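Peer 1: Pasting in a structure now, in structure tokens, and then I'll have a few things to ask.
The values are calculated or read from the model by the stated rules, or taken from the named source; none is laboratory data. Treat the numbers as computed from the prediction; the structure is a model and nothing was measured. Note that each Cβ is placed from the backbone with ideal geometry, even for glycine, and that neighbours are counted across all protein chains shown. What goes into the accessible areas is simple: the full protein's heavy atoms, side chains included, and nothing from ligands, DNA or RNA. Shrake-Rupley method; radii C 1.70, N 1.55, O 1.52, S 1.80 Å.
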Amino acid sequence: MTRYFKTMLLGSISLLALGAPALAAATSDSIEQVVVTATKRAEKIKDVPMAITFVGQDKLDRLNARSFEDYVANVPGLALIEESPTHPQIALRGINAGGDGATVGTYLDETPYGSSSALANAVNTAPNLDTFDMNHVEVLRGPQGTLYGSSTLGGLLKFVTNAPDPSGFASQFEVGGTSLDGGGSGGFARAMVNVPISDDSAIRLVGFDSHDAGWIDDPGRDLKNINGVTSIGGRASLLFHVGNKVAVRLNASTQKIDANGDNVEDVTVSPGGKIIPLYGTYEQQRTASDTSSARYSVYNATVDWDLNFATLTSASSYGAYDADLFGDDTGALGADVAAQLQVNKATQEVRLASNPGGSLDWLVGGYYTHEIASLLQNIVFAPHTPAVEFLELDSTYVEKAAFADVTYHFSPAFDLSVGGRYAQNDQHANEFGLAAANGASSGDVFTWSVAGNYHLDDETTFYARVAKGYRPGGPNVLPIGGAPGAPTFYNADSLINYEAGVKSDLLDGKLSLDADVFYIDWTGIQLITVIASTGVDINGGSARSEGVEWDAQYNPLEDLTLSWSGAYTNAQLTSDTPALVGGKSGDALPWAPKWASTVDAEYRFATGSDFTPYVGASWKFVGQRESDFQSGSSQLKLPSYNAFEARLGLDWNNWELELYGKNLSNAKGYTEFSASGTSAASGNAATAGLIAPRLMGLVLRAKF
């Protein structure tokens, strides 16, 4: 069974009673120029005392990076675990142990997106957003429990869109095509238009439609390239002012991703631990394709009111997540599973922040969210046929929080920040259909952070930070009357993160460096297992993660840009998990490579005319990783891999034409592994998720 369907089926009693198996920043900008919103106010990245990666719009365009798969390697410490882009799982600094709850928070501007609840499989609900016309992506490494709350144990990924610009009309578009080695061909079209309405109001519209080719074949059904992906969506944003003190921005965003199959190959594992294709490279056999889709919808109204001494901000948001999955479970259940997950989340945040310029900066705020989720699992005998049995799990998650952050500037060279957040949540769940079950829980937690910034001079800043993060606990949905040995609820897990770093512009601005070291203690880890034929979440074990992260850019010549980013992460258990999970003290945390690094170079040829040719190349290295914990057996070591990219282009006036290639070496990089599958066609063979083979693309861009 694939990883995601395991999670879907183990979030509750699920279908185990029917015999399912047990769950075994570098840009062209310097650090001095980059502005981020990590502290919920616009600040230069050098003035923020934490590890942050900034991936700007220019870099996203230059790397043709439109999804997690494209830019994850450019963020130190960020790992992606997935078998389909419809349900990615992201982890930072190795903080991942295979549970249902998310360890990395995701935001779109002011809107927290994705579920907060393990009952709604929050680990798989991060939005894989198209980044066209995205101002930048911020990745805040380390827990963000003070300003961003729950489920930010490892950090936060924040998409920041371009605001409407009243200063003038603007538009841009890109159109292109792609071809995969041994696979199919795809294409894409994206466009943006910005229209001023008055001197202080404007509207901005974005639309996109893309098709990524498939490369997985099913010889048993004589099908080729079954895992193609289509993504379509858009954004609309309206900015206007009420008087000269109040600014209002209304945002709407939607995107739908459809995957015709998953990116996995059926495999067998040799006694020496080598992964061997069962049928052939990039081949699987199914009785029916494992299809999936995900729809993201986000609506937000943000009001900023300048009160002279401070700014009052209200952010009202509504987000909806809808996922549909069809799984071939004929080997496990003698039938298929058609699953739907719906999450509807309303959020209100109000905060008051002092205006900059004094010796004391402060921020206070309140937060409320109400989430309703429904997970429906239908047992069917073929795609698009009526259910013969069903199981439905409905849940609610309500959280209230108050937070504050204070920064005192003792001198122009030194400042100290202290923050805290108190949060309380209530959860309820009911299951019906194939089985009857219910559960409820409540909990509260206080998180905090302390950080110091020392400005050695105008070019170099040193910082140190200690912070606590948490992930909420919740109820286990147990049968009426209980399940012997199964806990009625699981507790929140938490960690303490210690880090120190430096941010510097050197050599007259030619060299930009951002580096840090960190140490994390993680306790009460949330895990998933099976007790009395019931899928339950439990707490157990502790872990440590320590490492070094870096991001550097060097411009030895005016037209030559070199960048190098990477991380060393040593993440492992420091005590055994419960025996049913199978983790032992000293085992590596799943899917956390010890070493990962990316090197990029670009040269632009000065011609003295309107035409500027350029050439660029990247090398991406992902080190060995360990698979998920497995009861009764050891983790599987996944081999390291190298991937090479190149681009060749021409800029002229407002136009750009580029030929690019990804994974030019046809590296076989593993992104997921399941020790057993669920299809009768493959004999329940193990499966391995893979990166795409060599891709060649051509894109034409224009900006006006």
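Peer 1: I want to verify the translational diffusion coefficient of the range 369-521 in µm²/s; compute it with Stokes-Einstein, Rh as the Kirkwood radius over Cα pairs, at 10 °C and 1.306 mPa s.
Peer 2: After rounding, the answer is 80 µm²/s.
Peer 1: With runs of 4+ DSSP H residues as the only contributors, calculate the mean residue ellipticity of the chain at 222 nm using -39,500 (n - 2.57) per run, divided by the residue total and rounded to the nearest 500. Before the final figure, lay out each step's value.
Peer 2: Working: 3 runs with 18 residues, N = 704.
Dividing the helical sum by the residues of the chain leaves -500 deg cm²/dmol.
Peer 1: With the full set of protein chains in place, find how many percent of the accessible area of the range 375-437 is carbon and sulfur; take the probe as 1.4 Å.
Peer 2: Using a 1.4 Å probe with all protein chains present, the range 375-437 comes out at 66 percent carbon and sulfur.
Peer 1: Report, to the nearest whole %, how much of the accessible area of the range 213-258 belongs to carbon and sulfur atoms, 1.4 Å probe, protein only.
Peer 2: Of the solvent-accessible surface of the range 213-258, carbon and sulfur hold 63 percent.
Peer 1: Can I ask one more? Counting C-alpha atoms alone, how compact is the chain: give Rg to one decimal and Dmax as a whole number, in angstrom.
Peer 2: My reading of the Cα-based Rg and Dmax gives 24.6, 80 Å.
Peer 1: For a quick size check, give me the Cα extents of the range 189-242 along its three principal axes, largest first, whole Å.
Peer 2: The Cα atoms of the range 189-242 stretch 64, 17, 9 Å along their principal axes.
Peer 1: Let me ask you something else. Per 5 Å bin, what is the whole-percent P(r) computed from every C-alpha pair distance within the range 30-182?
Peer 2: Going out from 0 Å in 5 Å bins, the range 30-182 shows 2, 8, 18, 22, 20, 14, 9, 6, 2, 0 percent.
Peer 1: Return the inverse of the average 1/r over all pairs of distinct C-alpha atoms in the range 337-388, which is the Kirkwood hydrodynamic radius, in Å to one decimal.
Peer 2: On the way: mean 1/r = 0.0650 Å⁻¹.
Every distinct Cα pair counted, the radius reaches 15.4 Å.
Peer 1: Let me ask you something else. Tell me the net charge near Glu558. Cut-off is 14 Å between Cβ atoms, Glu558 excluded, with +1 for each Lys or Arg and -1 for each Asp or Glu. Write down the numbers at each step before the final one.
Peer 2: Values: positive: Lys510, Arg604; negative: Asp508, Asp559, Glu602.
Result for the neighbourhood of Glu558: -1.
Peer 1: If you consider only alpha-carbon coordinates, what radius of gyration and Dmax does the range 151-231 have, in Å?
Peer 2: 19.6, 63
Peer 1: Output wanted: per-residue J couplings in Hz (rounded whole) for the range 397-406, from phi through Karplus 6.51 cos²θ - 1.76 cosθ + 1.60, θ = phi - 60°, x for Gly and Pro.
Peer 2: Karplus-based 3J(HN,Hα) across the range 397-406 equals 9, 10, 10, 10, 8, 10, 9, 8, 8, 10 Hz.
Peer 1: Can you give me the accessible area per residue for the chain, using a 1.4 Å probe, in Å²? Spell out each step's value before the answer.
Peer 2: Values: 25030 Å² over 704 residues.
So the chain comes to 36 Å² accessible per residue, rounded to a whole number.
Peer 1: Strictly over 18 Å apart at the Cα level, which of Lys44/Lys503; Lys345/Lys400; Lys158/Lys245; Lys503/Lys594; Lys510/Lys594 would you flag in this model?
Peer 2: Values: Lys44/Lys503 11 Å; Lys345/Lys400 13 Å; Lys158/Lys245 27 Å; Lys503/Lys594 23 Å; Lys510/Lys594 30 Å.
Going by Cα-Cα distance, Lys158/Lys245; Lys503/Lys594; Lys510/Lys594 fall outside the 18 Å limit.
Peer 1: Right, here's the next one. Just round it to a whole percent: the fraction of Cα-Cα distances in the range 589-661 exceeding 20 Å.
Peer 2: Working: 1404 of 2628 pairs.
Counting every Cα pair in the range 589-661, those more than 20 Å apart make up 53 percent.
Peer 1: What is the percent of Cα-Cα separations in the range 466-590 that go past 25 Å?
Peer 2: I get 47 percent for the Cα pairs in the range 466-590 exceeding 25 Å.
Peer 1: Please report the Cα spread of the range 601-704 along all three principal axes, rounded to whole Å, starting with the longest.
Peer 2: 67, 28, 23
Peer 1: May I ask for log10 I(q)/I(0) of the range 305-353 at q = 0.15, 0.20, 0.23, 0.31 Å⁻¹, from a Debye sum over the Cα atoms as equal point scatterers with solvent left out?
Peer 2: Calculated log10 I(q)/I(0) at the listed q: -0.61, -0.77, -0.84, -1.03.
Peer 1: Determine, for each peptide in 247-257, 435-445, the mean count of other beta carbons within 10 angstrom over its residues, then list the peptides with the highest first.
Peer 2: 247-257, 435-445
Peer 1: Note down the net charge around Ser634, summing +1 for each Lys or Arg and -1 for each Asp or Glu among other residues with Cβ under 15 Å from its Cβ. Let's see the in-between values first.
Peer 2: Numbers: positive: Lys274, Lys584, Arg625, Lys637; negative: Asp576, Asp587, Glu626, Asp628.
Once all neighbours under 15 Å are counted, the net charge is 0.
Peer 1: State the three equivalent ellipsoid semi-axes of the range 483-554, derived from the C-alpha gyration tensor as the square roots of 5 times its eigenvalues, in descending order and whole Å.
Peer 2: Values: eigenvalues 388, 25, 12 Å².
The answer is 44, 11, 8 Å, longest axis first.
Peer 1: Counting pairwise Cα distances across the range 275-425, what percent come out greater than 25 angstrom?
Peer 2: Details: 6459 of 11325 pairs.
Here the tail beyond 25 Å accounts for 57 percent of pairs.
Peer 1: Just order 616-629, 187-200, 364-377 by mean Cβ neighbour count inside 10 Å, highest at the front, would you?
Peer 2: Listed from highest to lowest mean packing, they are 616-629, 364-377, 187-200.
Peer 1: Could you tell me what a quarter of the Cα convex hull surface of the range 262-304 works out to, in nm² with one decimal place?
Peer 2: Mean projected area for the range 262-304: 6.6 nm², to one decimal.
Peer 1: Next up: With all distinct Cα pairs included, what does the Kirkwood hydrodynamic radius of the range 536-655 come out to in Å, to one decimal, could you say? Intermediate values should be presented prior to the final figure.
Peer 2: Values: mean 1/r = 0.0568 Å⁻¹.
Kirkwood radius, the range 536-655: 17.6 Å.
Peer 1: Mind jotting down the three principal axis lengths of the range 231-338 based on Cα atoms? Whole angstrom, largest first.
Peer 2: 70, 32, 23
Peer 1: Using the per-residue mean of other Cβ atoms lying within 10 Å as a proxy for protection, in what order, highest first, do the peptides 273-283, 327-337, 141-151, 392-402 fall?
Peer 2: Ranked from most to least packed, the peptides come out as 141-151, 327-337, 392-402, 273-283.
Peer 1: Now for a different question. Among Ala202, Ala288, Asn225, whose Cα lies farthest out toward the positive end of the dipole of the chain, if unit charges sit on the beta carbon of Lys, Arg (+1) and Asp, Glu (-1)?
Peer 2: Value: Ala288.
Peer 1: Give me the distance between the Cα centres of the range 496-555 and the range 645-685, rounded to whole Å.
Peer 2: For the range 496-555 versus the range 645-685, the Cα centre distance is 26 Å.
Peer 1: Which value, in Å³ per residue, describes the convex hull spanned by the Cα atoms of the range 373-448? Walk me through the numbers on the way to the answer.
Peer 2: Numbers: hull volume 9.9 nm³, N = 76.
Given the Cα convex hull of the range 373-448, per-residue volume reads 131 Å³.
Peer 1: Now for a separate question. Which value, in debye to the nearest 20, describes the size of the charge dipole of the range 115-256 about its Cα centre when Lys and Arg Cβ atoms bear +1, Asp and Glu Cβ atoms bear -1, and nothing else is charged?
Peer 2: The dipole magnitude comes to about 480 debye.
Peer 1: Quick one: length gained pulling Ser411 to Thr254 fully straight, 0.36 nm per residue minus the C-alpha distance?
Peer 2: 51.9 nm
Peer 1: Mind putting a number on the dipole of the chain about its Cα centre? Charges go on the C-beta only, +1 for Lys and Arg and -1 for Asp and Glu, and I need it in Debye to the nearest 20. Please report the intermediate quantities before stating the final value.
Peer 2: On the way: 45 positive and 79 negative charges, 131 e Å.
That gives a dipole near 620 debye.
Peer 1: From the C-alpha coordinates alone, can you work out the Kirkwood hydrodynamic radius of the range 405-489, in Å? Don't skip to the answer; put the middle values down first.
Peer 2: Details: mean 1/r = 0.0600 Å⁻¹.
About 16.7 Å, per the Kirkwood formula over Cα pairs.
Peer 1: Using +1 at the Cβ of each Lys and Arg and -1 at the Cβ of each Asp and Glu in the chain, identify which of Leu333, Ala65, Ala483 lies farthest towards the dipole's positive end.
Peer 2: Going by the charge dipole, the pick is Ala483.
Peer 1: Determine Rg/Rh for the range 430-478; Rg is computed over alpha-carbon atoms and Rh is the Kirkwood hydrodynamic estimate from the same atoms. Intermediate results must be reported in sequence, preceding the final value.
Peer 2: Numbers: Rg = 22.1 Å, Rh = 15.3 Å.
Computed over Cα atoms, the ratio is 1.45.
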